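We did not get these values from a lab; they are worked out from the coordinates using the rules stated. Everything quoted here is computed from the prediction, not taken from an experiment. Positions of Cβ are backbone-derived with ideal geometry, glycine not excepted, and every protein chain shown enters the neighbour counts.
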Amino acid sequence: MMHTSATDNREEVRRRSVEALTPEIVAFIERCAGDTHATSHLISILHKVQSHFGYLGREQMDAVAQLLQVPAAKVTGVATFYHYFRLEPRGRFVINVCLGTACYVKGVERVADKLCEELGIQFGETTKDGLFSLEGTRCLGACGLAPVVMIEDKVYGDMTPDQIPALIEKHVFTAQREEREKAANDAKS
């Protein structure tokens, strides 16, 4: 008669790990785990996880560690070492403020200060409602329009601090409209 210890919860841990990720990501990890140098795939696995979830959450990083059979500290170490990886969710709208020379000379610092004031966050943070994230970028390649900010894929040029409240309001209204449309579509389903 085979006796299993009450502390042997490997199957439960595996089940939770599989549930924390998509079937495609799990399949990719399982293919990588079969490689003799499985940990060499860790960065590409984390890219796939972030691409799907928008960031690397604790639950997803733990799942990767379990399925790849590497220490969670190694996964966290890689995730925190590389600047590309985000450990917090980004806002619905990511506001990129150009910090390049042309924008700086044309007063982007005042625009950035107004964004921080209006949103109640600093660079690298997300508003409590999850609507906006504020990030700085070196150059957006629109120097002739300086100072510029970019929201999603749209560049807003010749920005002044006075334009910031209306710009934010426009995106709040967009999010509200999308929510109403989603609720209406869900009600039809």
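List of remarks:
- Computed E for residue 51/residue 162 - FRET, C-beta separation, R0 30 angstrom, nearest 0.05: 0.20
- Charging the Cβ of each Asp and Glu at -1 and of each Lys and Arg at +1, and nothing else, the dipole of the chain about its Cα centre rounds to 240 debye.
- Less than 5 angstrom separates the built amide H of residue 136 from those of 97, 124, all sequence-distant by 5 or more or on a different chain.
- A straight Cα-to-Cα reach below 15 Å connects residue 74 with the aspartates and glutamates 59, 62, residues fewer than 8 places away in its own chain not being considered.
- The stretch between residue 152 and residue 178 holds 7.8 nm of extra length on full extension. This uses 0.36 nm per residue minus the Cα-Cα distance.
- Placing dummy labels 7 Å off each Cα toward the beta-carbon, the span from residue 80 to residue 10 is 2.9 nm.
- Where Rh is the Kirkwood radius over Cα pairs, Rg/Rh for the stretch 93-188: 1.04
- Dividing the summed -39500 (n - 2.57) terms of all DSSP H runs of n ≥ 4 by the residue count of the chain sets its mean residue ellipticity at 222 nm at -16000 deg cm²/dmol.
- Remark on the stretch 10-81: ratio of C-alpha radius of gyration to 2.2 N^0.38 Å is 0.97.
- For 94, 64, order by how many other beta-carbon atoms lie within 10 Å, fewest first: 94, 64
- Cα-centre dipole for the stretch 10-81 with unit charges at Cβ (Lys and Arg positive, Asp and Glu negative), debye to 20: 100 debye
- Spatial separation of Cα centroids for the stretch 140-161 and the stretch 171-185, in angstrom: 25 Å
- DSSP bridge orientation in the stretch 93-188 - percent antiparallel, rounded to nearest 5: 55 percent
- Residue exposure sequence - 101, 126 - by fewest surrounding Cβ within 10 Å: 101, 126
- Fraction of beta bridges assigned by DSSP in the chain that are antiparallel (%, nearest 5): 55 percent
- Electrostatic tally near residue 101: other residues with Cβ closer than 15 Å to its Cβ, Lys and Arg +1, Asp and Glu -1, net +1.
- Where Cα atoms sit under 27 Å apart: lysine pairs in the stretch 93-188 separated by 8 or more or lying on different chains: 12
- Taken over the chain, the alpha-carbon convex hull comes to 180 cubic angstrom per residue.
- Rough spin-label spacing in nm, given labels placed 7 Å along Cα→Cβ, for residue 139 and residue 113: 2.6 nm
- Three principal axis extents of the stretch 57-107 based on alpha-carbon atoms, in descending order, are 51, 23, 11 Å.
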